[in-house]
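The values are calculated or read from the model by the stated rules, or taken from the named source; none is laboratory data. Computed from a predicted structure; not experimentally measured. Counting neighbours? That spans all protein chains shown, and the Cβs are built from the backbone with ideal geometry, glycine included.
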Amino acid sequence: MTSSISASSLDPATTATQLATAYTQQTQVLLDTQTQAAKATSTGLSQLSSALSTFSSALSGLSSKSSLSQMSASLSNSAIGSATATSSAQAGSYQVYVQQLATKNQVAFQDLPAIPVSSGGSLGVSLANGTSFNVNLSTADTDGDGTLSQTEIARAINQAPGNAGSMTAMIVSAGGTTQLMLSSGVSGAGGAITLDASALPASALKTTLSGTPNTLVAAQDAIVWLGAKGTGIEIQQGSNTLTAIAGVTVNLTQAQGASDAPLTLTVAKDDSGTTSNVQKFVDAYNALQKSLTGLTANADPKNNTAAAAFASDSGVQSLVDRLGNLVRNTYGGVSLRNLGISIDRNGQMSLDSTKLSSYLATKPDALDSFFGTAGSVASGTGTGALGDLNKLADQWTNSTTGQIKQRQDSVQTLQKSISDRQTRLDAQYDAAYKRYLAQFTALQTLSAQLDQTSSMLAGLSTSS
């Protein structure tokens, strides 16, 4: 008699694993599917947030310009200076004569004598514009040798409370002499330097600093004439940046000769700059549309690609639809088509710069009318297409009330629930495994005993 159960063919651990897996498999497949779906949604939300935030940043960048329509400005002699213009500038030609540039005062004191610290005191420093501060020389002996050197005096001036960059002191050595050079931090006549050594004790240093310094660069204002020299409008100022003409900035770098003719400042439309600004909007919109298309793509069996995270998401599809509707709106009587912008069936924009320039020639304020400004959603200052688009993006990206924040919170709650269910299922698996392992271990032991008994009986039968 032979047992039908062979101990050698029975592995309790393997059998227990197979049965425990079968016991929990259906629930595990469900949890795995839910985990993958939640992860895909979380990743999709992060990608959507990034795409919308990038788009909003582009809108804000365009809004930072006073207008998408750009103007250019240039001087007839670039050696004299350069010019730029904002959209508020008026096209035209202006005559400019640069009589002199503004300069920063520089003076020098040669071979200042080293004196005992006890001869130090308070040195007054002032500029013609009213700026002033005091330098305490009594504490300027940084190396502790008991005397004040030129380097220590310069350091004390630079570090004096109240200086705040209004003047810089440095030591210059050349031709066997050493000089304390003082440079004003203020351009023009208002930066003229004056020292007051009256509070210093009698010493060689006081005598030197009370004297007349060597003027390296005089303090002078810029003098510019709008029109011809002597007959135009004279402008005197401490800066070499001229802003007298509305919307135009001229940076002067060189004065003209006494007999030179006035320069011509030309202000005109900048078609290239304007086109570049509009193209930035087109590029930003296309980048967002590309991201949305990828996030809402359906499964494609031919190319073996699965459905995207939001392929069947009505909320995200509504975002796509609203986005398309907004840019197809008319603002201030102007549409994208008027501006030379078309949208293909995939939602991608393209710009015809020739049409744009032609339309702006007849309606110069068209860009401002259509685009407006992104403004602030909180204060409701947005206008035009930029304002509406920025408001739409904020409805999704707002860190407290946005759709993405709410959805991310929901996904995190779902992921925690899945994790808790997975923990319980793992416990069920462990319990089932231990139960099956105990049962089949006992069965294996019983099988081995039966095999042994069978062998004994077979032996008795043979011996008889």
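Residues that are loosely packed, with under 14 Cβ neighbours inside 10 Å number at least 3 in the following helices (runs of 4 or more DSSP H) confined to the range 351-464: 353-362, 403-463. Screening Asp111 on (1) surrounded by fewer than 16 Cβ atoms within 10 Å (Cβ to Cβ); (2) in contact (Cβ under 8 Å) with a residue 40 or more places away in the chain; (3) on the phi < 0 side of the Ramachandran plot shows it passes everything except condition (3).
Considering the conditions (1) in contact with a helix residue (DSSP H, G or I) (Cβ under 8 Å, 6 or more places away or on another chain); (2) touching a residue at least 24 places away in the same chain (Cβ under 8 Å), Val377 is excluded by exactly one of them, (2).
The condition of being in the same structural domain as Ala385 (by TED's automatic domain parsing), touching a strand residue (DSSP E or B) at 6+ places or on another chain (Cβ under 7 Å) and surrounded by 12 or more Cβ atoms within 10 Å (Cβ to Cβ) holds for only one of Val282, Val320, Val316, that being Val282. What's the number of the condition Lys104 fails, among (1) touching a helix residue (DSSP H, G or I) at 6+ places or on another chain (Cβ under 7 Å); (2) at pLDDT 95 or above; (3) part of a loop (DSSP other than H, G, I, E, B)? Status for Lys104: all satisfied but (3). Residue selection: Asp221 satisfies the criterion of being acidic (Asp, Glu), surrounded by 14 or more Cβ atoms within 10 Å (Cβ to Cβ) and either under 45 Å from the mean Cα position of the chain (by Cα) or not assigned by TED's automatic domain parsing to the domain that holds Thr147 (or both). Residues in the range 17-53 that are over 20 Å from Tyr433 (Cβ atoms) and of a type in the set (D, E, K, R): Lys39 alone.
Being under 30 Å from Asp365 (Cβ atoms) and surrounded by 12 or more Cβ atoms within 10 Å (Cβ to Cβ): is that true of Gly238 here? No; evaluated as a whole, the condition is false for this residue. When the range 261-279 is limited to residues that are at pLDDT 95 or above, assigned to a strand (DSSP E or B) and not aliphatic (A, V, I, L, M), the one that is surrounded by the fewest Cβ atoms within 10 Å (Cβ to Cβ) turns out to be Thr264. The set of residues from the range 226-235 being surrounded by 14 or more Cβ atoms within 10 Å (Cβ to Cβ) and either outside any strand (DSSP E or B) or outside the structural domain of Leu265 (by TED's automatic domain parsing) (or both) comprises Gly227, Lys229, Gly232.
The rows are residues; the columns are (1) within 23 Å of Gly130 (Cα to Cα); (2) outside the structural domain of Gly92 (by TED's automatic domain parsing); (3) among the β-branched types (Val, Ile, Thr); (4) at pLDDT 95 or above.
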{"site": "Ala189", "(1), (2), (3), (4)": "yes, yes, no, yes"}
{"site": "Ile193", "(1), (2), (3), (4)": "yes, yes, yes, yes"}
{"site": "Pro201", "(1), (2), (3), (4)": "no, yes, no, no"}
{"site": "Gly211", "(1), (2), (3), (4)": "yes, yes, no, no"}
{"site": "Ser259", "(1), (2), (3), (4)": "no, no, no, no"}
{"site": "Ala287", "(1), (2), (3), (4)": "no, yes, no, yes"}
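Taking Leu323 and the conditions (1) over 26 Å from Leu48 (Cβ atoms); (2) touching a helix residue (DSSP H, G or I) at 6+ places or on another chain (Cβ under 7 Å), which numbered condition does it fall short on, given that it satisfies the others? Going through the list (1) over 26 Å from Leu48 (Cβ atoms); (2) touching a helix residue (DSSP H, G or I) at 6+ places or on another chain (Cβ under 7 Å), Leu323 breaks only (1).
Whether a residue is surrounded by 20 or more Cβ atoms within 10 Å (Cβ to Cβ) and in the same structural domain as Ala255 (by TED's automatic domain parsing) was assessed, and Ala89 passes this test. Pairs meeting the criteria (first residue in the range 153-170 and on the phi > 0 side of the Ramachandran plot, second residue of a type outside the set (Asp, Glu), beta carbons under 6 Å, at least 6 apart or on different chains) are Gly162/Phe133; Gly165/Gly185.
Conditions (1) at pLDDT 95 or above; (2) not aliphatic (A, V, I, L, M), marked per residue:
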| residue | (1), (2) |
| --- | --- |
| Met349 | yes, no |
| Leu356 | yes, no |
| Ala361 | no, no |
| Ala366 | no, no |
| Ala374 | no, no |
| Ala378 | no, no |
| Gly382 | no, yes |
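Here is the figure for the range 164-180: residues that are crowded, with 19+ Cβ neighbours inside 10 Å and polar (S, T, N, Q) total 2.
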